[in-house]
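Here, each number is a calculation from the coordinates, and none is a lab measurement. Computed from a prediction, not measured in an experiment: that's the story for all the values here. Cβ placement follows ideal geometry from the backbone for every residue including glycine, while neighbour counts extend to all protein chains displayed.
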């Protein structure tokens, strides 16, 4: 009895609400107005809940202000309306306390149901650990022994308006988070430095990545495709520049991707065993610098006075190699300077330190080999 | 009369040493207006950078300083002092008291503000720049900042002391200095809302002071309250911050509710509907504001019981808030309304605040909040509440009481021009932000993906319109202070209350002998 009644109210409200929302929708077809298309069962449920609540509040809003604007129109002095003198009515006041309460309960029930579903991470088939860094994400596939970093791949020139902006401006990364479709995937989140938040709108999951905490959430993606998101918690200077790209693929493609990653790991290990020329180190070092260091220390190594130290002419980059390697590998506690030993390979570390000592206006003259880095690990 | 003249020094020392509630009220209001200008200019820096995708004007670090300092200036420098200014001016006159209960303390509460604000503005120019961690100052990010963050912490302390002293003064005044016959349930609603607000301040500001002190010792004295590596807890800060932060929202908006509850009956020529339910609703909102703080933190990973408790408690706030809105509408119903500028602003406040209210209800629902949280939807929501509620409420108050303060009527034509331009400006700024937020634009970013471009452009146009319209307001107030048609004692045909029984402009000392309230 009650449920049919509620259903009827719900469908009436939906009918009214849909009509209201179609109006602006038709005029502004090219504008992004509402949630992105949901890509999971949970995301669809969240979308429906959002639509329902939106319609309810629009209907209430219009009802209340229809009364107010009618009164403004009809009960004005210029139309000769004389003021009544009533100023209380217990019946009316009780009614407009109880009715909102009932509406609230009717919103709370579906919200609670959806929330409980979102919270249930049991029965997951694989786990990915997500670690937030200033300003990139690390993904670790706990079941496959794969780990990599994912950073913004939009060229600097586009951000600085020197080049035309691409279609996925600020929403593109070098390494996608590749996930199989149709599998319940559990994410565990934490952060290395400050608080970040991992959010992909189409999957309707968002959770803070907090240093010292392990948070959990899950998803099960329906269809292969690319799903883009961004960091949602202010995490410093480049908070707006650490997007998320999820690439959902079939199980078969996922398996292929996994074996490809294993091959890559083998060739990276080979790199750290060979002896590099200075030119090769400088070339690779520049690449690594642009990806991992430039955000703070600047393209020319000048840093930002007071906030981020310069590399050009710095004591570290012109002093003993050991101190320089120590700074880059272990970072500096309490600052934005991270420990890069877990993020970069021996070869990349050797290259970037060589680059910092011999590029950016510095002329230390020495070169560092991957084997030296390896020895310090 | 001769004694009154004796107590009235002139020139600079009048303002420096004054203990007169009207002088202090005026200084609060002027200070608040100056801060509003500074905060508004910062918002224009933000909006100009967001005019189109790409980085054009400022670097991301400075952008973050702008969003942070804009919020701190607007909340602590503009809106709170502006309402304290109104309280100073109006509460003694509304309850028939000769002055505030603690006049010297009153002087000190005010004079703490200018050095505090100066410290905050200076922070932008020290090495490393101003605070850039957002006004919420979440660690560990706020641990990273340069000395600008320490300036901010000291600013917060000084402003906090000022607020606490101000609240003590307001409570003491209201509880002890009412005219004979004015019992609590006969007080004007503005006085009621301020009484409750003052208790909110007393209960929440010291908690915030504690939080930023822990931040300070974490930064410089080796403590690790918020550092997970040392056994601390970064989320602890958020709990403490929002235990202050949520009541703070009501600190900003309850006095505006009080103003609206004075103005609507005046221009509807009909008593306020449901006076006692208004008082109880205000008290209920104040109580609930202390048990809903973690709805700002649904994504930190709270246990399910916590998420559910905070969701239900937050939803409950809609009930007393709804009662208030319904009461205002019922006050207008069957009235005999005229629409002078204060009435226009009052109606607009009800309208735009309610818009922020209903999006607040949407945000209360945890599963959908995961999508809204930290997006422009939230930015739109709280600007509708704070600009649409508090700031429009302030304009309502200024237009309503300006003739009483200055003895002159302002120009209705200019007032209405200011009203309409402000309304178009703020709605053009903040309404499109609902859409960008729903479509996925995170807040606090200096640059954004291409699909958000159109609405951001609208927002920027709106912001410039809204801010530059305030030049009209400045001109209007200036002109009214300088001269104009003489205002009557009652000023408005339907106005009732003690403040309308004294001459316009209100003499330097009012109610030296208490009036009788029947």
Rounded to the nearest 10 degrees, the helix A:41-74 long axis (Cα) sits at an angle to the longest Cα principal axis of chain A of 50 degrees
Only helices counted: for chain B, with every DSSP H run of 4 or more residues adding -39500 (n - 2.57) and the sum spread over all residues, [θ] at 222 nm is -22500 deg cm²/dmol
Within the protein assembly as shown, the percent of DSSP beta bridges that are antiparallel, given to the nearest 5, stands at 75 percent
Quick calc of log₁₀ I(q)/I(0), the protein assembly as shown, Debye, one scatterer on every Cα, no solvent, q values 0.09 1/Å, result -0.95
Under the helix-only model (-39500 (n - 2.57) for each DSSP H run of 4 or more, divided by the residues of chain A), the mean residue ellipticity at 222 nm, to 500 deg cm²/dmol, is -15000 deg cm²/dmol
Quick calc: nm separation of the 7 Å Cα→Cβ label points for residue B:58 and residue A:251 -> 5.2 nm
Here the relative contact order (percent) of segment A:277-377, from C-alpha pairs under 8 Å and at least 6 apart, is 31 percent
Output row, site residue B:105, 7 Å Cα→C-beta label point, backbone N cut-off 11 Å, window segment B:143-176, residues B:164-174
One would report the Cα pair-distance distribution of segment A:285-339, bin width 5 Å, in %, as 5, 19, 27, 34, 15, 1
proj_area_mean for segment A:126-266 (convex hull on C-alpha atoms), units nm², value 8.6 nm²
Ranked by GNM mean-square fluctuation in chain A (Cα springs under 10 Å), the top entry among A:185, A:226, A:109 is A:109
Between the modelled labels at residue A:223 and residue B:48 (7 Å from Cα along Cα→Cβ) the distance in nm is 4.4 nm
To the nearest 10 degrees, the tilt of helix B:234-268 (Cα long axis) against the first principal axis of the alpha carbons of chain B is 30 degrees
Percent relative contact order for segment A:126-266, counting Cα pairs under 8 Å at least six residues apart, stands at 27 percent
Both in Å, the radius of gyration and Dmax of the C-alpha trace of segment B:252-294 are 12.5, 42
Counted neighbours (other Cβ, 10 Å), sorted fewest up, put A:71, A:106 in the order A:106, A:71
Chain B, Kirkwood Rh and Cα Rg, ratio Rg/Rh at 0.96
Checking A:280, A:268, A:302 against a Gaussian network model of chain A (alpha-carbon springs below 10 Å), the top fluctuating residue turns out to be A:280
Rounded to the nearest whole number, the per residue volume of the convex hull around the C-alpha atoms of chain A in Å³ is 234 Å³
Cα extents of segment A:261-352 per principal axis, largest first, Å, are 43, 27, 23
Taking max minus min of the Cα coordinates of segment A:18-155 on each principal axis, largest first, gives extents in Å of 80, 39, 30
Between residue A:290 and residue A:34, Cβ-based FRET efficiency (R0 35 Å, step 0.05) works out to 0.40
Helix A:346-358: inclination vs chain A longest Cα principal axis, degrees, rounded to 10, gives 80 degrees
Taking R0 as 22 Å and r as the Cβ-Cβ distance between residue B:183 and residue B:501, the FRET efficiency 1/(1 + (r/R0)^6), rounded to the nearest 0.05, comes to 0.75
Listing B:34, B:93 by rising number of other beta-carbon atoms within 10 angstrom, fewest first, gives B:34, B:93
FRET efficiency for residue B:19 and residue B:420 from the Cβ-Cβ distance with R0 = 51 Å, rounded to 0.05, comes out at 0.80
Per principal axis, largest first, the Cα atoms of segment B:1-148 extend in Å by 66, 30, 28
One would report the antiparallel percent of DSSP beta bridges in chain A, rounded to the nearest 5, as 75 percent
Quick note on A:296, A:235, ordering by fewest other C-beta atoms within 10 Å, gives A:296, A:235
Dividing the mean separation of Cα pairs under 8 Å (6+ apart) by the residue count of chain B yields a relative contact order in percent of 18 percent
